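J.: Encoded as structure tokens, here's the structure I'll be asking about.
The values are calculated or read from the model by the stated rules, or taken from the named source; none is laboratory data. No experiment lies behind these values; they were computed from the predicted model shown. Please note: Cβ atoms are built from the backbone with ideal geometry, for glycine as well, and neighbour counts cover all protein chains shown.
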């Protein structure tokens, strides 16, 4: 079974600085998807960024980018120019291509932005 | 606007009672999912349905039941057999069948508290 591990329960960063959240996963599949979701205090889950494993190029969405290392099974999220609105729980998630498109989530990282 | 609605937002249950959480989507998605979130933890899959009139157990299905009589609706019943039901419950959907962006879209959640 696939597993996702986020080793940083909490992180903090100064406003306007850059922070990187870590995620590792375990799978025997060769093709899959990886996601980062954001859960602000409202508790609404919001997709931040996605990465297809077959793509070598790292995904980027404005201030958010990933460092996808397939061989190392690592998928970190970099947030540049951190803003107060970035404060939230961040979840890394894995989805295989076979079966029911189930998401496997990590335990989450709580990100605090210091003004 | 297309989206997923969950009701109620807050739900209180006495021990020994069954309660049903509503999830409705107007995104024309085939697949729907129920997740449970406990404090400081990631999301765990309870049940999922890839098509009307069919559903499968997830990782923590004991004490829960679902139905999928309509494409738009996937209600979750928390039965008295669920020993620790106090949690935040999230419903999600995705186009299914390898369609679209493979992203799961989430509802706003229901907070269930057992008194």
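J.: Is it the case, given these coordinates, that residue A:24 is buried (at least 17 other Cβ atoms within 10 Å of the Cβ), in contact (Cβ under 8 Å) with a residue 24 or more places away in the chain and either away from chain B (no Cβ under 11 Å) or more than 15 Å from the chain's Cα centre (by Cα) (or both)?
T.: yes
J.: With within 30 Å of residue A:32 (Cβ to Cβ) and within 14 Å of another protein chain (Cβ to nearest Cβ) as the only criterion, which of B:28, B:102, B:53 stands out?
T.: Residue meeting the stated conditions: B:102.
J.: Another one. Say whether the condition of being under 16 Å from residue A:93 (Cβ atoms), at the interface with chain A (Cβ under 8 Å from one of its Cβ atoms), at pLDDT below 95 and surrounded by fewer than 18 Cβ atoms within 10 Å (Cβ to Cβ) is met by at least one residue in the stretch B:84-98.
T.: No, every residue in the stretch B:84-98 fails to be under 16 Å from residue A:93 (Cβ atoms), at the interface with chain A (Cβ under 8 Å from one of its Cβ atoms), at pLDDT below 95 and surrounded by fewer than 18 Cβ atoms within 10 Å (Cβ to Cβ).
J.: When you scan the stretch B:16-66 for strands (runs of 3 or more DSSP E) that lie fully inside it, which ones turn up with 1 or more residues that are touching a strand residue (DSSP E or B) at 6+ places or on another chain (Cβ under 9 Å) and without any contact (Cβ under 8 Å) to a residue 40 or more places away in the chain?
T.: B:43-51, B:54-57, B:64-66
J.: While we're looking at this one, here's another question. Looking only at residues that are at the interface with chain B (Cβ under 7 Å from one of its Cβ atoms) and more than 12 Å from residue A:10 (Cβ to Cβ) in the stretch A:82-115, which one is modelled with the lowest pLDDT?
T.: Per the criteria, the residue is A:100.
J.: Please work out if residue B:16 is at positive phi, out of contact with any helix residue (DSSP H, G or I) (no Cβ under 7 Å at 6 or more places or on another chain) and more than 14 Å from chain A (Cβ to nearest Cβ).
T.: In short, yes.
J.: With respect to residue A:42, is the statement that it is within 11 Å of another protein chain (Cβ to nearest Cβ) and without any contact (Cβ under 8 Å) to a residue 12 or more places away in the chain true? First the steps, then the outcome.
T.: Values: within 11 Å of another protein chain (Cβ to nearest Cβ): yes; without any contact (Cβ under 8 Å) to a residue 12 or more places away in the chain: yes.
Yes; evaluated as a whole, the condition is true for this residue.
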